[in-house]
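Asks: Got a structure here, written out as structure tokens. Questions coming.
Just so it is clear, none of the values below were taken in a lab; they were calculated from the coordinates. Just so we're clear, the structure is a prediction, and the values are computed from it rather than from any experiment. In this analysis, Cβ positions are derived from the backbone assuming ideal geometry, glycine residues included, and neighbour counts consider all displayed protein chains.
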Amino acid sequence: MSLFRAETRRLSKRRFTKFFVLLALLVLGLVAGGTAYTHERTTDSTRAAAEAEADQEYQEQLRYADQAKQECQKDPSSFGGNCEGLVPPTRDQISSDQFLTPQFDFRADFPVMLTVWAALLALVAFVIGASFVGAEWNSGGMMNLLLWRPQRLRVLSTKLSALLTWLTGLSVLTGAAWTGLFWLIATLRGTTARMTPGAWQSLGLNGLRGLGLVLVAGAIGFGVASIGRHTAAALGAAIGVIVVFQFGLAIVLSLARVKFYELYLLPAWIGAWMNKSYEIIDYSAPCDYSAVNGCEAPTYTVTWQMAGVLFAAVSIIIVGASMWTIRSRDIT
Amino acid sequence: MTAVLEISGLRKTYRGRKGVRKALDGFDMVVEAGQVHGFLGPNGSGKTTTLRTLLGLIKPNDGRMAILGRPVPRHLPQVARQVGAIVESPQFFGNFSAETTLSLLADAGGVNKLRVPAVLELVGLRDRSKERVKTYSLGMKQRLAVASALLKEPKLLILDEPANGLDPGGIREMRTLMRDLSESGMTVLLSSHILGEIQLICDSVTIISAGRRVAAGSVSDVLASHTSSSVRVRLEPGVDLNGAADLLRAAGAAITVEKDHFTVGNAGNPAQITKLLAERQIYVSELTPIAADLEDVFLQLTGTAPVDGANRQVDQVAASQGGWGQ
Ligand SMILES: Nc1ncnc2c1ncn2[C@@H]1O[C@H](COP(=O)(O)OP(=O)(O)O)[C@@H](O)[C@H]1O
Ligand SMILES: [Mg+2]
């Protein structure tokens, strides 16, 4: 228990941790601020104003159409020779919605914000997790600690559990603040209508999956940095994965017309995990013909369960490998 | 006396890209309770490797080790609480202050945090304890390392080259500190290549060379058993000094003739000198072993004495010359 306490304390005392948490909060703040700025509550007066603007636009369009007709009569060839094709717009083609500043609909819009929160926090968790153990290996602090507690597996797993506990705390706090903030934004600049218990439950599960993503990212960063005994190992691996897998592989696979190549890319899986499913449409494949729908591109649906199994497997393999390597290696 | 530390037949081979390197080759060591024990050896002889192995940081290929009577590494978790150690150059996370570093270690090891200011005071870092370790000089980091080793009030204190980077004042303070600790009942194992230090403060020594023990025992014993190889010989006035010297040379002695005496550098058995000379009716008026210091013994035993006109390489060990006449 004392080791766990020491490790939690070490983690929160690190400037690196503080810096990245601050950075995350800043970005989250900017996103929230931007959302608040670009949304407006719809009231009778804003709707009336939008209605008026739409009217004005309609009149203008009529004027343009008139003008075009006159010019067409003077010189039909420049209008393709057929002036009958120039039809003025009707009023209902110009909707007042287009002139209305959108309002923040909590039920419809918050899930996306939850994904933003989870993705950002996952990134921060990866970096913090990697640096937490990487800097210790690198500075010799790990060796020092092992002189005090010569139980390698115990030390590493306590460190990891301190990290995961700490990340859970961070996620819960920021998640609650994030929800509160957008509730406020929805109240002031939108609507909180239709938030039934079912909707709340679904949001809650969404948040839990977000937490899962954060923990997986933290554990993977921790594991890779521990195997490489350097923070840079994890960061390098991450950049390598992004460059090789996300860009390189995407190009190669799409050129090679591999079926559902998006399956090999991370965003599909994160999307599936956060939004319960992700549909991959393969436009390059021969279509599936059906009598009802005609020719349709084949699709493949990644479910959140599949994504969950993948993430769990990857983190178990990496954390397992880090435990395996620390067990037997010479610490010099 | 009981042994606080026992090592026998320790072997460690490092495997690298450039093949294998035998760092320890059947090394033995015994440290008795309450002593300050010097662990001497030239660079790369295996001191740090021994201490790392002992503390469970690297796995030996063979050999047995015990600390405080308990076999390690099996019982290391139980004895770790009683062993304070620094290994090689002190390494700490640079962005924490000395105080934070020690307080985190105290937490991790379940040691009373009140010890932290006490040990900082002891090593003379009290006034700088709030500054980041990154800003410390080598000597200050060394002091911090000693402080961290003392934090748990160990029964056995293991210090790997603690004088590294210390100023003369610091070295003297360290010496006094070790004396005090030893008087309070702590056993201190001190690795070093600074021989004067060891000779001044150690009760006993182990000398290691190329991964093997080449000498062990109390400092005076080690000195005594290796000083007799060089003796000063004075003859009765009027006797032909050069003639006598030639006589001995012919028998294989390494002679240096001085104005009124000569020295025999490799006299394993000084009786041989008197015997050979007496057979020719030459009588010796003085036959004194020349007192060597630990440095001579060290250079002789480890075969690292400088040779004129040659640059000795770190792993190069001269074949140790056997004493003449033995
Ligand atoms: N991690 C390592 N990998 C390979 N060889 C090593 C390693 N550590 C030490 N050695 C080699 O082992 C030998 C003993 O080193 P060491 O125990 O550090 O010597 P000392 O502390 O007595 O100066 C040296 O030849 C050194 O090069
Ligand atoms: Mg060394």
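Asks: Taking the stretch A:172-216, which trypsin sites (Lys or Arg not before Pro) meet the DSSP loop condition and have no more than 13 other C-beta atoms within 10 Å? Write out the running numbers ahead of the final one.
Replies: Values: sites: A:R189, A:R194, A:R209; in loops: A:R194.
Counting only loop positions with at most 13 other Cβ atoms within 10 Å, the trypsin sites (Lys or Arg not before Pro) in the stretch A:172-216 are A:R194.
Asks: Give the Cα extents of the protein assembly as shown along the principal axes, in whole Å, largest first.
Replies: Taking the Cα atoms of the protein assembly as shown, the three principal extents are 148, 57, 47 Å.
Asks: Report the net charge of residues surrounding A:V21, where surrounding means a beta-carbon distance below 14 angstrom and charges are Lys +1, Arg +1, Asp -1, Glu -1.
Replies: +4
Asks: So, one more: Between 0 and 90 degrees, rounded to the nearest ten: what's the tilt of helix A:304-328 against the longest Cα principal axis of chain A?
Replies: Computed tilt is about 30 degrees.
Asks: Another question about this same structure. For chain B, modelled as a Gaussian network with Cα springs under 10 Å, which listed residue fluctuates most, B:R132, B:R81, B:R249?
Replies: Sorting by GNM fluctuation, first place goes to B:R249.
Asks: Another one. Gap in Å between the Cα centre of the stretch B:46-86 and the Cα centre of the stretch B:93-149?
Replies: 24
Asks: Continuing with this model, one more query. Please arrange B:C202, A:C83 by counting, for each residue, the other beta carbons lying within 10 Å of its beta carbon, fewest first. Before the final figure, lay out each step's value.
Replies: On the way: B:C202 24, A:C83 14.
Starting with the residue having the fewest Cβ neighbours, the order is A:C83, B:C202.
Asks: Right, next: In terms of Cα to Cα distance under 16 Å, which aspartates and glutamates are near enough to A:K159, apart from those fewer than 8 places away along the same chain?
Replies: Of all the aspartates and glutamates, those that pass the test against A:K159 - Cα under 16 Å, at least 8 places apart if same chain - are A:E7, A:E136, B:D107.
Asks: Next up: Among A:K18, B:K18, A:K69, which comes first, then next, by fewest other beta-carbon atoms within 10 Å? Display every interim value, and only then the final one.
Replies: Details: A:K18 12, B:K18 7, A:K69 15.
So the ranking, lowest neighbour count to highest, is B:K18, A:K18, A:K69.
Asks: May I ask for the angle, rounded to the nearest 10°, between helix A:152-189 and the longest principal axis of chain A, with both axes built from Cα atoms and the value confined to 0 to 90°?
Replies: 30
Asks: Helix A:15-38: angle to the longest alpha-carbon principal axis of chain A, degrees 0 to 90, nearest 10?
Replies: Helix A:15-38 and the main axis of chain A meet at about 10 degrees.
Asks: Using Cβ counts within 10 Å as a stand-in for footprinting exposure, how do B:T302, A:T42, B:T135, A:T101 rank, fewest first? Each step should come with its number before you reach the end.
Replies: Numbers: B:T302 22, A:T42 18, B:T135 10, A:T101 13.
Fewest-to-most Cβ neighbours within 10 Å comes out as B:T135, A:T101, A:T42, B:T302.
Asks: Can you give the FRET efficiency for A:L26 and A:F245, using 1/(1 + (r/R0)^6), R0 = 22 Å, r = Cβ-Cβ distance, to the nearest 0.05? Don't skip to the end; give the middle numbers.
Replies: Numbers: r = 29 Å, r/R0 = 1.30.
FRET efficiency, A:L26 to A:F245: 0.15.
Asks: From a point 7 Å beyond the Cα of A:Q56 in the direction of its Cβ, which residues of the stretch A:78-102 have a backbone N at a distance under 20 Å?
Replies: In the stretch A:78-102, the label zone of A:Q56 (backbone N under 20 Å from the point 7 Å along Cα→Cβ) covers A:89-102.
Asks: Mind checking which lysines have their C-alpha under 28 Å from B:K275, skipping anything on the same chain fewer than 8 residues away?
Replies: Once the sequence-local lysines are set aside, what remains near B:K275 is B:K259.
Asks: Still on this structure: How much mean residue ellipticity at 222 nm does chain A get from its helices, if each DSSP H run of length 4 or more adds -39500 (n - 2.57) and you divide by all residues, to the nearest 500 deg cm²/dmol?
Replies: Details: 11 runs with 230 residues, N = 332.
My calculation for chain A gives -24000 deg cm²/dmol from helical runs alone.
Asks: Which trypsin sites (Lys or Arg not before Pro) in the stretch A:256-332 sit in a loop by DSSP (not H, G, I, E or B) and have at most 10 other Cβ atoms within 10 Å of their own Cβ?
Replies: Details: sites: A:R257, A:K259, A:K276, A:R327, A:R329; in loops: A:R257, A:K259, A:K276, A:R329.
In loop regions of the stretch A:256-332 (DSSP not H, G, I, E or B), the sparsely surrounded trypsin sites (Lys or Arg not before Pro) are A:R257.
Asks: A further question on this structure: Under 14 Å from the Cα of B:K22, which aspartates and glutamates turn up, not counting those fewer than eight places away in the same chain?
Replies: Leaving aside aspartates and glutamates fewer than 8 places away in the same chain, those within reach of B:K22 are B:D62, B:D315.
Asks: Suppose only helical runs count, i.e. DSSP H with n ≥ 4. What mean residue ellipticity at 222 nm does that imply for chain B under -39500 (n - 2.57) per run, divided by all residues and rounded to the nearest 500 deg cm²/dmol? Mind dumping the intermediate values first?
Replies: Working: 11 runs with 105 residues, N = 326.
Per the formula, -9500 deg cm²/dmol.
Asks: Also, I was wondering about something else. For chain A, set up a GNM with springs between Cα atoms under 10 Å and report which of A:V112, A:V133, A:V224 has the largest fluctuation.
Replies: Of the options given, A:V112 has the highest mean-square fluctuation.
Asks: At what distance in angstrom do the alpha carbon centres of the stretch B:198-270 and the stretch A:250-307 lie from each other?
Replies: 87
Asks: Excluding B:K113 itself, calculate the net charge of residues whose Cβ lies under 13 Å from the Cβ of B:K113, where each Lys or Arg counts +1 and each Asp or Glu counts -1. Don't skip to the end; give the middle numbers.
Replies: On the way: positive: A:R5, A:R9, B:R115, B:K152; negative: B:E99, B:D107.
Here the charged neighbours net out to +2.
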